[in-house]
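Please treat every number below as a calculation from the coordinates, not as lab data. Please read these numbers as outputs of a predicted model, since none were measured by experiment. Here the Cβ positions follow ideal geometry from the backbone for every residue, glycine too, while neighbour counts run over all protein chains shown.
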Amino acid sequence: MTTLRTSPLISRETTPLGPSLRSGDHPVLFEIGSPGLWGASLPESDVPTVRREAVVPKELLADVPPPLPEVGELDIVRHYKRLAHRCFSIDGNFYPLGSCTMKYNPRINERVAFMPGFAHVHPYQDDADVQGLLELLYRLRCDLAEIAGLAEVTLQPAAGAHGEMTALMIINAYHQSRGQNRTKVLAPDTAHGTNPASCAICGRQSVSIKAKSDGRVDLDDLRSKVDDDTAALMITNPNTVGIFDEQIADIAEIVHAKGAQLYLDGANMNAILGITRPGDFGVDCMHYNTHKTFSTPHGGGGPGAGPVAVAEHLRPFIPVPQVIRKDDGTYTWSDDRPQSIGKVRSFFGQVGILVRAYTYIRSLGCDGLRDVSEKAVLAANYLAAKLKDRYPTPFPPPHAHEFILVPQFGDSGVTELDLAKRLIDYGIHPPTMSFPIHHCLMIEPTETESLATLDRFVEVMLAIADEVEQNPAVVKSAPHTTPVRRLDEVAASRKPNVRWRAG
Ligand SMILES: Cc1ncc(COP(=O)(O)O)c(C=O)c1O
């Protein structure tokens, strides 16, 4: 059996604070403080004192100040450092979470986003004060249109799902401008859950299209369902099983023949940057996930950005305001788009995230972006090929930037969940599980991992396959090295208990 080191970054924690705490518990700030300790020294206020009764409504005034933790600066630093060490992050460990593209966020992005001219501006400032920022946003929207092969981009949507909703609103407005109210939106049955949810939010009925056993769209099923009431087909390509559907031009033709629109869920653009362009394969409208494709931060629900690119005929309907370049070479916001769907986000979108995306695109350039996708695809195919004898893939290669495997552990009783938990003991984040098919793991190494990291992942996966044969109990009871062991996942998500009470 292969013996592998577990990650030093994930060690069993001991509490320095004695027996009153359960093993692995981490005291909250209230528990480590002592009356009179301070974590910061604030200068005297130079703002004239106003009696609090003059500004706070009486019913909101408390007789006694709220109890706040009283902790010294060093204890605070240690407290947050300990918590930070418990967090699993791409900066610390390999994170092959399929569908999520957990790629490294280059620090240059952060550096640029923190430049005062970008970070310290206010949305109500005059255009003349923020020309640099406006120029950046204008250039970004042009770059994104170029990468998509489409005519124009709105930067407003604040996430991929928000981009989907915005795009469907644009498509609805387009049909309505032609006197049509089309009610159906088709989506392959492997679609991301946000696709049908966006249809519902836009008051459209989502109709599922079958995928064939090779993961590609079943064209006969598509032909039988697309009709004059179809507003759009929402397709993800490469799709959520990690396959690029080469039938895409035929799909576009079938959809367009009925006057419907082809919408691309562009969340998987990481596989095709600079290799092919959605506009060139028949797409009318698409969204980007900047966190998946352009290395902006990801996790915890945001912050994000989901710019939407549209073909020429959809331009009149995109959100306002739009950043434009005037004839004199200066930049401003324009509301001049009478058929626009209006605003979908306060102010101008997630500007800090957009600055990061622009930095990433510009620091790589055209060749660099193509290289990103080629390496992402190579890494996924390398892993799939190295693992295939012990972990078969239900959809044959070539894979795009991610692939699915379905562990076959015979009558050992070990499940894909056990395998995922055991990976944590080796310092590897579990891949996505049971999406988009049952009992699978979806693995997306991304382009940013070294060959050594990919090889270690292979070693670990093979070592776990050995463990399943020789000592399945160790896999079934994993993880063994984390501050908390196996959680009741249903209770943790349905009845989260995140409140601390004194006592
Ligand atoms: C294929 C696909 N579509 C849509 C989304 C939704 O994007 P967001 O999480 O930014 O709303 C994701 C998210 O990862 C995705 O993978």
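Give me Trp333, Trp38 sorted ascending by neighbouring Cβ count inside 10 Å, so fewest comes first.
Trp38, Trp333
Note down the nm distance, to one decimal, between modelled labels 7 Å out along Cα→Cβ at Trp333 and at Leu42.
The answer from the label model is 3.2 nm.
In debye to the nearest 20, how big a dipole does the chain give about its Cα centre with +1 on each Lys and Arg Cβ and -1 on each Asp and Glu Cβ?
The dipole magnitude comes to about 880 debye.
Kindly identify the range 109-363 as rounded, prolate or oblate by the Cα gyration tensor criterion: order the square roots of the eigenvalues as a ≥ b ≥ c, call it rounded if a/c is under 1.5, otherwise compare a/b with b/c, prolate if a/b is larger, else oblate.
Judged from the Cα gyration tensor, the range 109-363 comes out prolate (a/c at least 1.5, a/b above b/c).
Once you order the gyration tensor axes a ≥ b ≥ c over the Cα atoms, which shape class does the range 160-265 get: rounded for a/c under 1.5, otherwise prolate or oblate by comparing a/b with b/c?
oblate
What does the C-alpha gyration tensor say about the overall shape of the range 377-421? Classify as rounded when a/c is under 1.5, otherwise prolate if a/b is larger than b/c, or oblate.
prolate
Please arrange Glu152, Glu469, Glu31, Glu44 by how many other C-beta atoms lie within 10 Å of their C-beta, fewest to most.
By the 10 Å Cβ count, ascending: Glu44, Glu469, Glu31, Glu152.
Over the range 327-453, what relative contact order in percent results from Cα pairs under 8 Å that are six or more residues apart? Walk me through the numbers on the way to the answer.
On the way: 118 pairs, mean separation 27.9, N = 127.
Reported as a whole number, the value is 22 percent.
Cα atoms only, the range 65-141: Rg and Dmax in Å?
19.4, 50
Over the range 109-363, what is the percentage of antiparallel beta bridges among all DSSP beta bridges, to the nearest 5?
Close to 40 percent.
With an 8 Å cut-off on Cα pairs and a minimum separation of 6 or more residues, tell me the relative contact order of the chain in percent.
20 percent
Counting only Cα, what are the radius of gyration and maximum Cα-Cα distance Dmax of the range 408-477, in Å?
Rg and Dmax of the range 408-477, Cα atoms, are 12.3, 37 Å.
How large is the Kirkwood hydrodynamic radius of the chain, counting all unique pairs of alpha carbons, in Å?
25.6 Å
Among DSSP bridges having both ends in the chain, what percentage is antiparallel? Round to the nearest 5.
50 percent
Which ordering of Arg362, Arg345 is given by a fewest-first count of other beta-carbon atoms within 10 Å? Could the numbers behind the result be given before it?
On the way: Arg362 15, Arg345 18.
Fewest-to-most Cβ neighbours within 10 Å comes out as Arg362, Arg345.
Would you calculate, for the chain, the mean residue ellipticity at 222 nm contributed by helices, counting each DSSP H stretch of 4 or more residues as -39,500 (n - 2.57) and dividing by all residues, to the nearest 500? List each step's numbers first, then the result.
Working: 16 runs with 176 residues, N = 503.
It lands at -10500 deg cm²/dmol.
How many nm is it between the label spots at Asp75 and Leu61, if each spot is 7 Å from the Cα in line with the beta carbon?
3.2 nm
For the range 27-47 and the range 222-290, what is the separation of their C-alpha centers, rounded to whole Å?
55 Å
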